[in-house]
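Presented below is the structure to which this report refers.
The values are calculated or read from the model by the stated rules, or taken from the named source; none is laboratory data. It should be emphasised that the depicted structure is a prediction, and the values quoted were computed from it without experimental measurement. Note that we place each Cβ from the backbone using ideal geometry, even for glycine, and neighbour counts take in every protein chain shown.
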């Protein structure tokens, strides 16, 4: 991958005459549910309305949770819904060199550093501080214990086999990005507005691990650029992540797509559907006789959106 150049904060959204590109990007760590169906169908509808393209990306950077049978089920469920995409799906596990190149560049520029603290250690360090700030995922902001370790100390720990993550030095990153970090947001039913990104909410966010040269944030941001994505359509639960993604775009010279964060499909208790909370899989609904037409009608009724 060619060396990436720092950007200066401009929004490079799709222009008139440029075909818009959408993507649906599930992780193969469980079966798709109604929330995934809504997001996939919304991406397809917007692609069709704009005369654009729909891509499928398999976000399988986590080797411990990603499984081939889940990927096969994703393909099967999307075909049952009637979705099609133009190209062979991009599997993130096949492009680790792209992420490594970006991560190495940030490290060379002094914008990323190794952190040897476990999640448990970070939680314990912050436990006595009731007013300790949390990031948008409700985890304690990293207190910076490893930020100022000497190069010799870092090298010694790594040589000794210590586990570590690579964290973005937020203060340095914001200083280098310099220009205002802005992007266009189109919430459902809106005409869009230019909004300011807030990456500092994440603190020194992890952007890579020793066993995987990337994180969700780095991989999806780089992939959107490499795949020419012009419109990122995803759940509102990921809206806060856009601030961090916008900063990475500025640091790495990546294009900034337009964003559309949609409402979430929720269960009878008002909770968002999640694989980890036993949301009913699409394949189970199909096995019980649900048709794609019935599912689309249900989502249209629940979400106020025809498909």
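Quickly run through segment 173-192 and pick out the residues that are within 30 Å of residue 45 (Cβ to Cβ) and modelled with pLDDT under 95.
Within segment 173-192, 186, 187, 188, 189, 190, 191, 192 meet the criteria.
Name the helices (runs of 4 or more DSSP H) wholly within segment 65-156 that hold at least 3 residues that are under 21 Å from the mean Cα position of the chain (by Cα) and closer than 30 Å to residue 287 by Cβ?
68-81
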Conditions (1) loosely packed, with under 15 Cβ neighbours inside 10 Å; (2) touching a strand residue (DSSP E or B) at 6+ places or on another chain (Cβ under 8 Å); number of the one not met by residue 185: (1)
Unique residue being in contact (Cβ under 8 Å) with a residue 60 or more places away in the chain and at positive phi when the list is 203, 235, 243, 189: 203
If residue 80 satisfies all but one of (1) out of contact with any strand residue (DSSP E or B) (no Cβ under 9 Å at 6 or more places or on another chain); (2) in contact (Cβ under 8 Å) with a residue 12 or more places away in the chain; (3) outside the structural domain of residue 56 (by TED's automatic domain parsing), what's the number of the condition it fails? (3)
Report yes if some residue within segment 7-24 is over 17 Å from the mean Cα position of the chain (by Cα), surrounded by 18 or more Cβ atoms within 10 Å (Cβ to Cβ) and at pLDDT 90 or above; otherwise report no. yes
Does any residue in segment 279-307 that is assigned by TED's automatic domain parsing to the domain that holds residue 74 come within less than 6 Å, Cβ to Cβ, of a residue that is surrounded by 12 or more Cβ atoms within 10 Å (Cβ to Cβ) and part of a strand (DSSP E or B) six or more places away or on a different chain, and which pairs are these? 279/33; 281/33
